[in-house]
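Values in this text are rule-based calculations from the coordinates and carry no lab data. A quick note: this is a predicted structure, and the numbers were derived from the prediction, not measured. Cβ coordinates were reconstructed from backbone atoms using ideal geometry, including for glycine residues, and neighbour counts include every protein chain displayed.
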């Protein structure tokens, strides 16, 4: 049996879970999330404890069992605590600013500034023009937005300039070396 799927999900106070056919909705203090459940699994609620069980005992049922438990656990954590990813910009003249809570304007060494539209459910804060904090209640959306921002200018291996995750180590390459004859 799946070790992850077997773990019960404890619902903190103020969190409600509703089942609507194939969809599961989690409502908490920070907002609400709705997601379609994977097939071959079912969710049982007893008080403030959720358990995920398989409907079919095969390899697909096993894989969906752990997936469903993780997705629901992430939704519960998201509506109570939220998620955050931090990015750092490094490079001379590289900077970022939030324009009207709808766009992120980035100067990344291109001929014109790059504009990134911030999706609904995500808030972005910029500190000292080089530290970007992406936060929201949906773990998948927060990770995707952070990855899209990073993809605008990945850190290059020679000087390390670009956008990187906070704490990410960029392996540096040696530049040209002068050969002796």
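Using the per-residue mean of other Cβ atoms lying within 10 Å as a proxy for protection, in what order, highest first, do the peptides 103-114, 58-69 fall?
Going from most to least packed, we get 58-69, 103-114.
So how tilted is helix 59-80 from the main axis of the chain? Cα-based, degrees 0 to 90, rounded to 10.
Tilt relative to the chain: about 70 degrees.
Taking R0 as 41 Å, what FRET efficiency do you get between residue 63 and residue 177 from their Cβ-Cβ distance, rounded to the nearest 0.05?
Efficiency, from the Cβ-Cβ distance: 0.25.
Output needed for the range 3-80: three equivalent-ellipsoid semi-axes, defined as square roots of 5 times the C-alpha gyration tensor eigenvalues, in descending order, whole Å.
With the √(5λ) rule applied to the range 3-80, the semi-axes are 21, 12, 10 Å.
To the nearest µm²/s, what D does Stokes-Einstein give for the chain at 10 °C and 1.306 mPa s, using the Kirkwood radius over alpha carbon pairs as Rh?
Reported coefficient: 84 µm²/s.
Taking 0.36 nm per intervening residue step and subtracting the Cα-Cα distance, what contour gain separates residue 97 from residue 16 on full extension?
Extra length from residue 97 to residue 16 when fully extended: 25.5 nm.
For the range 1-106, calculate the relative contact order in percent as a whole number, restricting contacts to Cα pairs under 8 Å that are 6 or more residues apart.
Over the range 1-106, the number comes to 27 percent.
To the nearest 10 degrees, how steeply does helix 139-151 sit against the main Cα axis of the chain, on a 0 to 90 scale?
Helix 139-151 and the main axis of the chain meet at about 20 degrees.
On the principal axes of its Cα set, how long, how wide and how thick is the range 83-165? Give whole Å, largest value first.
On the principal axes, the range 83-165 reaches 35, 25, 19 Å in Cα extent.
Could you work out [θ]222 nm for the chain from helices alone, using -39500 (n - 2.57) per DSSP H run of at least four and dividing by all its residues? Round to the nearest 500 deg cm²/dmol.
That calculation yields -7000 deg cm²/dmol at 222 nm.
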